[in-house]
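Heads up, the thing below is written out as structure tokens.
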Amino acid sequence: MLQSPMPIYGITKELAFPPPRLAEDGLLAVGGDLSIDRLLLAYQNGIFPWYSEGEPILWWSPDPRMLLYTDQMHISTSLRRNLRRGVFYVTFDQAFPQVIRACAQTPRPGQDGTWITAEMLAAYIDLHHAGYAHSVECWQDGQLLGGLYGLSLGACFFGESMFSHASNASKTAMAILAAQCQQWGFPFIDCQVPNPHLASLGAQEIPRATFLKQLRKTQQTKTRKGPWQLEIDPQKIEI
């Protein structure tokens with residue numbers, strides 16, 4: 001969890017957030033709820049919830065922000081080989097609850113527990129049913145071995161979490177998501193905070209002000225409400 005002084009802004013029942021530029025060390029506000037309308041408003045303004053079990057809901061807008069531009073993803077030789085060989089069968093929106101639960105349950109080095117609380121899990125499944133949250137699944141012999149989930153508004157995909165139970169599984173999911181988003185005219189995938197794994201894929205840090213300006217442009221595009229269908233050939237990705 002990011003470290004920050006005690007928040008100044010308390011969220012009330014009113015559907016509103018303070019301006020992201022007021023966030024200190026990334027933490028913007030505390031409280032509120034995880035209703036669909038509040039979550040959509042948050043993401044539209046570059047804000048997302050991130051907190052641990054037993055804490056109040058914390059709302060963040062970090063500076064800098066990590067983005068993966070869809071035409072700049074780095075695909076390693078081994079990953080490209082896996083894609084061309086079709087090592088994984090990849091789908092969209094076929095197992096959203098399983099993906100988010102796997103993200104919550106998969107152990108991560110240096111991380112004690114998960115920020116995907118039961119409340120968060122339920123909220124994002126609701127977002128999925130409403131057509132805003134999506135998953136990418138990597139299968140092998142009928143087993144779900146990797147994937148990711150997030151939500152999409154306008155021409156932006158906001159990545160939330162990924163998991164991998166086989167080499168290159170989550171990277172395959174991200175590569176195919178990036179290629180599909182590029183075809184749809186999405187300029188970037190929001191990765192939120194710095195992460196070495198995402199940096200190895202080509203994600204980069206940019207100032208929050210720059211991110212918010214780019215985000216506003218993506219919100220001029222009509223949202224592709226789900227369920228999503230894979231429209232590209234994973235074996236012919238040219239990123």
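Rounded, prolate or oblate: pick one for the range 66-236, where a ≥ b ≥ c are the square roots of the eigenvalues of its C-alpha gyration tensor, a/c under 1.5 means rounded, and failing that, prolate if a/b is larger than b/c, else oblate.
Working: a/c = 1.25, a/b = 1.11, b/c = 1.12.
Rounded, since a/c falls under 1.5.
Suppose R0 equals 41 Å. What FRET efficiency, 1/(1 + (r/R0)^6) with r the Cβ-Cβ distance, do residue 122 and residue 167 give to the nearest 0.05?
Working: r = 32 Å, r/R0 = 0.77.
The computed FRET efficiency comes out at 0.85.
Let's test this: bin the Cα-Cα distances of the range 9-62 at 5 Å from zero up to the farthest pair and state each bin's percent.
5, 23, 36, 26, 9, 1
Taking the Cα centre of the range 66-236 as the origin, how large is its charge dipole in debye, to the nearest 20, when only Lys and Arg (+1) and Asp and Glu (-1) carry charge on their Cβ atoms?
Working: 15 positive and 12 negative charges, 104 e Å.
Magnitude of the dipole: close to 500 debye.
At 0.36 nm per residue, and after removing the present C-alpha to C-alpha distance, how many nm does the segment from residue 52 to residue 129 gain when stretched out fully?
25.3 nm
Check residue 157: other-chain or 5+ apart residues with amide H under 5 Å from its amide H, H built from backbone geometry?
Residues meeting the amide H criterion: 188, 190.
So how much slack lies between residue 16 and residue 206, counting 0.36 nm per residue of separation and subtracting their Cα-Cα distance, in nm?
Values: separation 190, 0.36 × 190 = 68.40 nm, distance 2.54 nm.
Extra length from residue 16 to residue 206 when fully extended: 65.9 nm.
Can you tell me the relative contact order of the chain? Whole percent, Cα pairs under 8 Å, sequence separation 6 or more.
25
Want the number for residue 98 to residue 225: 0.36 nm per residue separation, take away the alpha-carbon distance, what's left?
That works out to 43.7 nm of additional length.
Only the coordinates and a few stated rules stand behind these numbers; no lab work does. Treat the numbers as computed from the prediction; the structure is a model and nothing was measured. Note that each Cβ is placed from the backbone with ideal geometry, even for glycine, and that neighbours are counted across all protein chains shown.
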